[in-house]
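Okay, structure first, notes after.
The values are calculated or read from the model by the stated rules, or taken from the named source; none is laboratory data. The structure displayed is predicted, hence computed values, not measured ones. No Cβ is skipped: glycine too gets one built from the backbone with ideal geometry, and neighbour counts run over all protein chains shown.
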Protein chains: 2
Amino acid sequence: MAKARHSRLDCTPGCAVEAAVSLIDGKWKAVILYHLQDGTTRFNELRRRAGDVTPRMLTNQLRELEADGLIEREVFAQVPPRVEYSLSDRGRSLSPIIAALKAWGDANMDLFARR
Amino acid sequence: MAKARHSRLDCTPGCAVEAAVSLIDGKWKAVILYHLQDGTTRFNELRRRAGDVTPRMLTNQLRELEADGLIEREVFAQVPPRVEYSLSDRGRSLSPIIAALKAWGDANMDLFARR
DNA sequence: GCTCATAGTGTCTAAAAGGATACCGTCCCG
DNA sequence: CGGGACGGTATCCTTTTAGACACTATGAGC
């Protein structure tokens, strides 16, 4: 699971903001959640869509998202192996935010172009 | 400025999502943006509200947010010194997202309580 | 028999982020 | 004269994150 970045929960109201951010932080988590909105996706399919994630990183991020209850993992006992990832209800409740982030990112692309 | 976590911008559509996240990532940035919504705030006032930020971290985060054009910094040549931080237009355009994150965080507090 | 695809794991290392602590000059208040 | 508020800096150290790269088993297709 993603590490809690703040140990106390009874801090100022802004704390919930940071707590939420800590879940989608991690270099690939937001991207994974974004792509999972298209529906159930397999491991290597995600890998291809995300660009250049190493399998180790992808595994890490998926495991954390799963531990946080944002995604679900279903294993089919076949050969070759088949594992499907999908959004959980909680993960789906995050969709509007992911969409808003994408919209904001697109609208502010000039910011990133400078780098 | 916050480091660009992805070097290429022409990646899959999810890239904008990650780019946006990278701006509010950093342990205190989201909290700072949240508190700045109440209006112009001074350095030590932010420090008190955020809980237990060290001045070094607060300076870092504020400088990055400023470099990213999300906040503005105004120095008054007085003694004792007076420095005020406020949201820029771009920063204000992020407000709905911050608010959504806070709402989501509050609604999913059970997740964080487990830690 | 060779190679490919699947879904990962293990190890090692580099880089970045975050934290602790001490310190600065100036002025005001008592 | 001592102490506090202000808005930071400087230095050092630890933790966390991310990346490269190699490797696994199985079966299918050529």
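Taking residue B:56, is it out of contact with any helix residue (DSSP H, G or I) (no Cβ under 6 Å at 6 or more places or on another chain), at pLDDT below 95 and in a helix (DSSP H, G or I)?
When the stated conditions are applied, residue B:56 does not pass them.
What's the total number of residues in the stretch A:78-100 that are closer than 28 Å to residue B:105 by Cβ and part of a loop (DSSP other than H, G, I, E, B)?
Counting residues in the stretch A:78-100 that are closer than 28 Å to residue B:105 by Cβ and part of a loop (DSSP other than H, G, I, E, B) gives 3.
Can you confirm whether the stretch A:68-77 contains a residue that is more than 13 Å from DNA strand C (Cβ to nearest atom), outside any loop (DSSP other than H, G, I, E, B), surrounded by 12 or more Cβ atoms within 10 Å (Cβ to Cβ) and within 13 Å of another protein chain (Cβ to nearest Cβ)?
No; the residues of the stretch A:68-77 include none that is more than 13 Å from DNA strand C (Cβ to nearest atom), outside any loop (DSSP other than H, G, I, E, B), surrounded by 12 or more Cβ atoms within 10 Å (Cβ to Cβ) and within 13 Å of another protein chain (Cβ to nearest Cβ).
Anything in the stretch A:24-34 that is more than 12 Å from residue A:91 (Cβ to Cβ) and within 14 Å of DNA strand C (Cβ to nearest atom)? List them, or say none.
A:25, A:26, A:27, A:28
Could you list, in sequence order, the residues of the stretch B:78-96 that are away from chain A (no Cβ under 14 Å) and over 13 Å from the mean Cα position of the chain (by Cα)?
Passing the criteria: B:78, B:79, B:80, B:81, B:82, B:83, B:84.
Of (1) within 16 Å of DNA strand C (Cβ to nearest atom); (2) at pLDDT below 90; (3) surrounded by fewer than 16 Cβ atoms within 10 Å (Cβ to Cβ), residue B:2 satisfies all except one. Which?
(3)
Which members of the stretch A:33-53 meet the condition of being touching a residue at least 40 places away in the same chain (Cβ under 8 Å), within 12 Å of chain B (Cβ to nearest Cβ) and part of a helix (DSSP H, G or I)?
Matches in the stretch A:33-53: A:33, A:34, A:36.
If I ask for residues that are within 9 Å of DNA strand D (Cβ to nearest atom) and more than 21 Å from residue A:94 (Cβ to Cβ), which ones from the stretch A:35-61 would you list?
Result: A:52, A:54, A:55, A:56.
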